[in-house]
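Everything below concerns the one structure shown next.
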Amino acid sequence: MPRNPGITDEMIISMYKSGMPFKEMQPIIGLSDRAIRNVLYKHGVKMNREQSSGRPRIHKINENFFKVWSHEMAWVLGLFITDGHINEQTHSVSLSQKDEKILKVVANYMEADYILAPFGKTMTTPTLIINSKEIKKDLEVLGIKSRKSLNVPFPVVPEQYLPSFIRGVIDGDGWVDKEGYVTHITSASLDFAEGVRSVFSNWNLCSEITMLEGKTGHTIYRVWVKGKESLLRLAKIIYADADSNNFHVYKRVYMTQHAKQAYYLDDPRWKLINGKLLHTNSSRTPFRTTISRSLIEHLKQMAKEQK
């Protein structure tokens, strides 16, 4: 049985030392129990009898996380309902995000081991793996099940935590116009899209739902919020209970840029240009030279003489 692409001995050792049972390691690594043991033996890793027998481990995670509502829990739930995945074969769930910083914040909130799925040809986005039967069960109770994309319901969220939940949804499947006039949330579930639209209506935002056909032939729904004033009102609501980490920076920057006190951050990747923060996509400092024109001409002449 070949090892899955990208899996190193160090990754195998890290998974084992985190307390992950062999039966959960197998589909990730692509090796049999015996082959995994051989890797551990080769590196002199002391074996845990209970762990190798496949018995449940004591997870480094707050297994009550989704049982108690909070602004942090609501935000994480919004991320899982959009970018989460429930594993049918094992007691694990995962969350994918292009910005790995978001995954670190989620792991910190959930007091979870920070275990990322190995990268490969089909796995190019950072993905946090949570190994917990209880977390999986609680997410299923909240409506997040395997193959959820077409039928995920809008969960029953206490009103005071709706802003943080919607912020998580926008951070997951939301898009914000760089000019700060339009935003939308994309979902393949009509039930979920209508739930989001209902929340926006209750917040007196200018909102609508449009439909388009996805690549697989399924209908895709987009819930829009349009207009500078509506985006400013939305931002005021969803970022009211945010801390300094639990949001995508660029979405908050774009959404608040027309406010009298727009969101600002001191980061070399962002530049204040004509009163707006713009992402430069680079942390490099451009090199500037002040060599005189006469010196440049002199160097050109020297180069000709050397030919």
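All of the numbers you see were taken from the coordinates with simple rules; none came from a lab. Because the structure is predicted, anything quoted here is derived from the model rather than measured. Please note: Cβ atoms are built from the backbone with ideal geometry, for glycine as well, and neighbour counts cover all protein chains shown.
Structure notes:
- Charging the Cβ of each Asp and Glu at -1 and of each Lys and Arg at +1, and nothing else, the dipole of region 146-230 about its Cα centre rounds to 180 debye.
- Estimated FRET transfer efficiency (Met211, Glu140; beta-carbon r; R0 30 Å; 0.05): 0.60
- Coupling constants for region 142-148 follow from the phi torsions by the Karplus curve (6.51 cos²θ - 1.76 cosθ + 1.60, θ = phi - 60°), and in residue order they are 7, x, 9, 10, 5, 6, 7 Hz; glycine and proline get x.
- Projecting the Cα positions of Thr127, Asn62, Met47 onto the charge dipole of region 1-130 (unit charges on Cβ atoms of Lys, Arg, Asp and Glu, taken about the Cα centre) puts Met47 furthest along the positive direction.
- Taken along the Cα-to-beta-carbon direction at a fixed 7 Å, the label points for Asn38 and Thr125 span 3.6 nm.
- As a size descriptor, the averaged projected area of the C-alpha convex hull of region 9-52 was calculated at 2.6 nm².
- With N the number of residues in region 221-266, Rg(Cα) / (2.2 N^0.38 Å) evaluates to 1.15.
- Lys98 versus Ser14: modelled label distance in nm, points set 7 Å from Cα along the beta carbon direction: 2.3 nm
- For region 9-52, relative contact order (Cα pairs under 8 Å, six or more residues apart, normalised by length) works out to 45 percent.
- Only Lys, Arg (+1) and Asp, Glu (-1) charged, at Cβ; region 9-52 dipole about Cα centre in debye: 180 debye
- Cα convex hull of region 1-136, projected area averaged across orientations, nm²: 8.3 nm²
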